[in-house]
1. Are any of the residues in region 112-131 farther than 21 Å from Leu191 by Cα, crowded, with 16+ Cβ neighbours inside 10 Å, touching a Gly at 6+ places or on another chain (Cβ under 8 Å) and small (Gly, Ala, Ser)?
2. Taking the stated definitions as given, is Ile71 buried (at least 22 other Cβ atoms within 10 Å of the Cβ), β-branched (Val, Ile, Thr), closer than 25 Å to Arg351 by Cα and out of contact with any strand residue (DSSP E or B) (no Cβ under 6 Å at 6 or more places or on another chain)?
3. Among residues belonging to region 135-150 that are of a type in the set (Gly, Ala, Ser) and surrounded by 24 or more Cβ atoms within 10 Å (Cβ to Cβ), point out the one that is nearest to Pro77 (Cα to Cα).
4. Going by the structure shown, is Ala171 free of Cβ contacts under 8 Å to residues at least 24 places away in the same chain, farther than 14 Å from Ala263 by Cα and surrounded by fewer than 24 Cβ atoms within 10 Å (Cβ to Cβ)?
5. Of all residues in region 35-52, which are in a helix (DSSP H, G or I) and either more than 30 Å from Val189 (Cβ to Cβ) or under 17 Å from the mean Cα position of the chain (by Cα) (or both)?
6. Take Val267 and decide whether it is within 19 Å of the chain's Cα centre (by Cα), free of Cβ contacts under 8 Å to residues at least 60 places away in the same chain, closer than 23 Å to Ala173 by Cβ and outside any loop (DSSP other than H, G, I, E, B).
7. Test each condition in (1) surrounded by 22 or more Cβ atoms within 10 Å (Cβ to Cβ); (2) outside any helix (DSSP H, G or I) for Pro161 and report the one that comes out false.
8. Identify, from the list Met92, Met31, Met81, the residue that is surrounded by 24 or more Cβ atoms within 10 Å (Cβ to Cβ) and over 20 Å from Gly165 (Cβ atoms).
Amino acid sequence: MRAAGPLAPLRHRQFRLLWTGMSASLIGDGMLLVALAWFVYDRFGLPSAMSAVGVALSLPQVVTLLFGGVISDRFDPRRVMLVSDLARGAVMAGVAALAIGGVLTSLWALLGLIAVYGAAAGFFGPAFDALVPQIVPADDLVAANSLDQFVRPAGLQIFGPMLGGLVVGLAGAGWAFAADALTFVVSVVCLLTMRRAAAPPLADNSDESLFQEMRAGLGYVRKHIWLWGTFLSATFTYLLFVGPTEVLLPYVVKTELGGSATALSLVLTSGGLGAIAAALAVGWIGIPRRFITYMYVTWAIATLAVAGYGAATATWQLAAACVVVNGLEAAGTVAWATTKQRFVPGDMLGRVSSVDWFVSTALLPLSYALASPVAAWLGARQTLLGAGLLGAAVTIGFLFLPGMRGPERLSASPPAARNTISDTQEALAA
């Protein structure tokens, strides 16, 4: 049975607090997107500097992701999220103080602070994925994941960039960094107000080392092609389009189209609106029975739309492409999150999610590092066109791996054939 509408999970106090705190911090992250890009291009002026910032943010996050999943399965994931928020809030407060004081003139200093921020962020995603099924009934999971995909674009691409562009325009990037730090305070308060969700799932296996538990998570993923195949699909797709998009989209707006920070925020806002509309639609309608196929088709079209960034000759065209990219990406991600939560055992979910985050983002530092030299060689627009076309082809190709659609077949089988979680796992591994 599905929940009655996308807002149903907000009936649950624990999820309501989690959602509120995450909404605040995501708004801060959206402010950071605009403030950081504008600060870097204003202070250093080159795509290579923005590429370096992307590497500094993503590489430490990739390194800490696997540990984040193990720790989230061993301990209360709410506490893991709390420590992550405290660390990131402290770093951002330091960046704000240095920027406002006019002493953040060294790119290396900025890279060091951003690296610490990224390392702390690596613990948050797996912990969040592990916590949601503990505090939300199974019937409300689709709606909960829809709300997650609603608030991410709302914060990252609408309210955050709008506020970030406004604050940068009125007071400078330093004060936008300070506002981002304050949003982590809101998130921390919400997490402190929540009750402990459940005993640590791995409390009985506390004699196992973190590395043994990590190996168990990797072994579980290796048995299920729908897991490792999707992880690898994301790895290569993100390599192709994330770095070019995040490094070159601000460059195209500022340099080639002569736009302002407000213009960039409007482009990102448009994408957020598309993602919100898609998330709400999936929350109402649900996901199709052929959910793996649905996932890959929506992601492939979303990636193809990245080519629209390279073809655009006006800001409104960038905004239209952003709507398609983010809307379809959100629709597929709701299905993906729900699939993991339904088919992966609860005591393994944190580790599986951490492997997901780790493998999917493993080549992001390389994507950021390559964006600038490839753009210098081919041109910014040609790089974006190629990223969209190649990324779409890679994404849809993974759908045809043998066994990729195993969960679809299992869901279509009679209930008697899938009575228990262990039966489910054996059927998927077969």
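1. No, because not a single residue in region 112-131 is farther than 21 Å from Leu191 by Cα, crowded, with 16+ Cβ neighbours inside 10 Å, touching a Gly at 6+ places or on another chain (Cβ under 8 Å) and small (Gly, Ala, Ser).
2. So Ile71 fits the description; yes.
3. So the residue we want is Ala144.
4. yes
5. Passing the criteria: Val40, Tyr41, Asp42, Arg43, Pro47, Ser48, Ala49, Met50, Ser51, Ala52.
6. For Val267, the condition - within 19 Å of the chain's Cα centre (by Cα), free of Cβ contacts under 8 Å to residues at least 60 places away in the same chain, closer than 23 Å to Ala173 by Cβ and outside any loop (DSSP other than H, G, I, E, B) - is met.
7. Going through (1) surrounded by 22 or more Cβ atoms within 10 Å (Cβ to Cβ); (2) outside any helix (DSSP H, G or I) one by one, Pro161 breaks only (2).
8. Among Met92, Met31, Met81, only Met81 is surrounded by 24 or more Cβ atoms within 10 Å (Cβ to Cβ) and over 20 Å from Gly165 (Cβ atoms).
The values are calculated or read from the model by the stated rules, or taken from the named source; none is laboratory data. Source: prediction; values computed, not measured. So basically every Cβ, Gly included, is an ideal-geometry build from the backbone, and we count neighbours across all protein chains shown.
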